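Report on the following structure.
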Amino acid sequence: MKGTKFSLVLIIGVAVLFTGCGPREGEEAPGEPLEIIETEEDREPQKEVVEPDGSEGETEAIKAVYVGRIDGNFVEILQGGEFVTYAFDQEAEDAVNPGGMASYSGVDLVVGVDQDKQKRIQSLTLADPPGVGNAPEMQRAGRIDTLFGVDVCLIEGEPYWLAHELVISSSKTVEEGEGIDFSYYRDAYGRRVITSYTRLFTESGRIEEMTATSLFVDLTGNPEEIPAREYRLSPEIAASLEGLQLQTGEMILFRYRIEEDDTRVITILDRMNP
C-alpha cells in the first residue's frame with residue numbers, strides 16, 4: 001500500500017515539474033517559431049493604383065489653349081507646348097460647344113476616360129484673358145507673321161498673347177508684318193504673354209565700320225554726303241557677331257528699336273545676298 005502511494009506521489013510531482021517548465025499561454029516555446037495565422041481582417045488593405053490616363057471614370061482638370069475643332073468629334077488643344085487631340089463628349093451636361101470659340105483661347109478643361117480608354121473632354125470653359133503677371137520675364141525680338149483677333153499673334157511661327165492691359169490701350173495695338181522687341185512670361189495655361197514691347201524699324205545698308213558694340217552703316221538710298229550712322233548692338237546680337245563673321249563692306253538687313261535717348265539698337269540682323 002505504501003509503495004502504491006509513493007508511486008502516485010512521484011507521478012504527480014513529475015507532471016507538475018514538466019508543467020512549470022512549459023511555455024505559458026501566449027508565450028513562444030524555445031527554439032520553435034510562433035506561427036502567425038493572418039486573417040482577412042488582419043491584412044493591410046491594398047491601395048488602388050489609379051492611372052491618370054487609363055482608368056475609366058477618372059477625370060483630370062487641365063489648363064491649356066484651345067486651338068480649334070478638327071471635326072464634329074475632335075478638338076485640338078495646345079497643352080504643355082504640345083498639340084494634343086481630344087474627343088469631345090457631346091453628352092456631358094456642362095460641356096460648352098467650342099464652335100464659336102476663337103482659336104488660341106485659354107481654356108479650363110475637365111477630361112475623362114471612357115470605357116474604350118479614350119480621353120474625352122467633359123467640360124470646356126473659356127479662361128480669363130491674360131494680364132500683366134508677376135512671373136519672371138524673358139526678352140525677345142521678332143516679326144509678327146499673323147494676327148488672331150486683337151490679342152493673339154504668331155511671331156516666327158509661335159503664338160503669343162498680348163496682356164489685357166495692352167489690348168485695352170489703343171496706342172499699343174500691333175500689326176502684321178511689323179517687328180517688335182518685347183518682354184513676355186508664361187502663365188499657368190502655357191500662354192506666352194507679352195507685357196511690353198517696342199516697335200522695330202527696318203533698314204538695310206553697307207557696313208562702313210565695326211566695333212564690339214556698334215556698327216556704322218551707310219544706309220541704302222542715302223546720298224554719299226550723309227555719313228554712316230551708328231547703331232548699337234543688343235547683347236544678343238553682340239554675342240553672335242563673331243559667329244556671323246561679318247566684314248566691312250558687306251550689305252546687311254536689320255531691325256532696330258529707338259531708345260528714349262534716341263539711341264538706335266539693332267535686335268535682328270541678317271546678311272544680304274550679294
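The values are calculated or read from the model by the stated rules, or taken from the named source; none is laboratory data. Everything numeric here is computed off the predicted structure, so don't read it as measured data. Here Cβ is always computed from backbone atoms with ideal geometry, including for glycine, and neighbour counts include all displayed protein chains.
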* Restricting the search to the stretch 211-237, which residues are surrounded by 16 or more Cβ atoms within 10 Å (Cβ to Cβ), among the hydrophobic types (A, V, I, L, M, F, W, C) and in contact (Cβ under 8 Å) with a residue 24 or more places away in the chain? -> Leu215, Val217, Leu233, Ile237
* Asked: So, in the stretch 110-125, of the ones that are in contact (Cβ under 8 Å) with a residue 40 or more places away in the chain and part of a strand (DSSP E or B), which residue ends up nearest to Val67 (Cα to Cα)?
  -> Leu124
* Sort out which residues of the stretch 220-245 are touching a Lys or Arg at 6+ places or on another chain (Cβ under 8 Å) and at pLDDT below 90, and write them in order of number. => Leu244
* Kindly provide the set of residues from the stretch 163-195 that are under 30 Å from Ile252 (Cβ atoms) and either assigned by TED's automatic domain parsing to the domain that holds Pro223 or of a type outside the set (Ser, Thr, Tyr) (or both), ordered by number. => Lys172, Val174, Glu175, Glu176, Gly177, Glu178, Gly179, Ile180, Asp181, Phe182, Arg192, Ile194
* **Qualifying positions in the stretch 162-195 - more than 15 Å from the chain's Cα centre (by Cα) and assigned to a strand (DSSP E or B)** => Leu162, Gly179, Ile180, Asp181, Phe182, Ser183, Ile194, Thr195
* Structure fact -> Residues of the stretch 234-251 being of a type in the set (D, E, K, R) and either more than 20 Å from Thr198 (Cβ to Cβ) or over 35 Å from the mean Cα position of the chain (by Cα) (or both), in sequence order, are Glu242, Glu250
* To do: Go through the residues of the stretch 252-266 one by one and say whether even a single one is hydrophobic (A, V, I, L, M, F, W, C) and more than 20 Å from Thr198 (Cβ to Cβ).
  => yes
* Test: Gly249 is touching a residue at least 12 places away in the same chain (Cβ under 8 Å), surrounded by fewer than 13 Cβ atoms within 10 Å (Cβ to Cβ) and more than 30 Å from Leu124 (Cβ to Cβ) -> yes
